[in-house]
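Taking it in order: structure first as structure tokens, then the write-up.
The values are calculated or read from the model by the stated rules, or taken from the named source; none is laboratory data. Bear in mind that the values here come from a model prediction, so they are computed numbers and not experimental data. All Cβ positions, even for glycine, are placed from backbone atoms using ideal geometry, and neighbour counts span all protein chains on display. Note: accessible area is taken over every heavy atom of the protein model, side chains too, but ligands, DNA and RNA are not part of it. Shrake-Rupley method; radii C 1.70, N 1.55, O 1.52, S 1.80 Å.
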Amino acid sequence: MLKIKNIHAAYGNIKAVKGIDIDVPSGKIVALLGSNGAGKTTTLKAISGLMPLEKGAIELDEVPIHSMAPEKIAGLGIVQSPEGRQIFTSLTVEENLKVGAFTEKSREAVDMRMKSIFGYFPRLEERRKQIAGTLSGGEQQMLAIGRALMANPKVLLLDEPSLGLAPLIVKDIFQIVKRLNDEGVTILIVEQNALQTLKIADYAYVMETGKIILEGAGKDLLQDEKVIEAYLGGN
Ligand code: ATP
């Protein structure tokens, strides 16, 4: 289980995260919701080792990881699929996926993982030789998630997987996230699409200006008036 304990993080004078606690139990989907600038991405960066903590601790199975280098954290199985996709646009789909498995020495293991990812994303299989920069937005998002999965994560960190996608594709992406979780991947998902996220999340935290202002089971927050008003458009 991943545990975030009273973490603080800042960019110079800007205090982006001001003492938050988050538990991500093994096998669950935990969501981090909140509007622009709430500190969600900064929290994921802190977990991945890309943002130093001013205070607090992050533990994976009770081992402190917050002073480790990003590669070491990834090696422990915490893998992030970043916001804005950040795929290699001049490489093919297949080459991008292989990059995700760079720590895996066995070619057979890489081939097997790729096959299982094509099971989730048949569109990527059809386009395996296509240059990634020419994929649609939804396909690029699938590729970003697929690439993270190539590292065989214990905990998958998803930063706004639905950003900028058409509603039908958003539905597909959330279904795939749920399926991944059903098959054993623990997920921490950052989203602005609160409705879809709360439908699949076991537990969710709502962040505002660096703090957690509300938390609860996904299905309970879906009924919470404050959440409905602020994030679900009042209906
Ligand atoms: P969004 O949904 O818009 O991505 P977020 O909840 O992920 O928002 P963060 O990106 O974590 O929010 O940003 C939290 C705060 O930190 C914001 O006020 C933002 O302006 C600030 N911030 C983020 N990155 C930097 C940076 N590199 N330098 C200075 N300030 C930053």
Result of the Cβ filter at 6 Å on region 179-208, keeping first residues that are part of a loop (DSSP other than H, G, I, E, B) and partners that are away from the ligand (no atom under 16 Å from the Cβ) and open to solvent by 30 Å² or more (accessible area, probe 1.4 Å), at least 6 apart or interchain, is ASP202/LYS28
By residue number, the members of region 10-27 that are within 8 Å of the ligand (Cβ to nearest atom) and under 16 Å from ALA204 (Cβ atoms) are none
task: Would you check if there is a residue in region 89-102 being open to solvent by 10 Å² or more (accessible area, probe 1.4 Å), within 24 Å of LEU180 (Cα to Cα) and in a loop (DSSP other than H, G, I, E, B)?
output: yes
Subset of region 215-235, residues touching a Lys or Arg at 6+ places or on another chain (Cβ under 9 Å) and under 30 Å from LEU76 (Cβ atoms), comes to GLY218
Exception for LEU156 within (1) touching a residue at least 40 places away in the same chain (Cβ under 8 Å); (2) assigned to a helix (DSSP H, G or I); (3) open to solvent by less than 20 Å² (accessible area, probe 1.4 Å) falls at (2)
Considering region 170-194, residues that are away from the ligand (no atom under 16 Å from the Cβ) and open to solvent by 40 Å² or more (accessible area, probe 1.4 Å), and then whichever is nearest to GLY218 (Cα to Cα), we arrive at LYS178
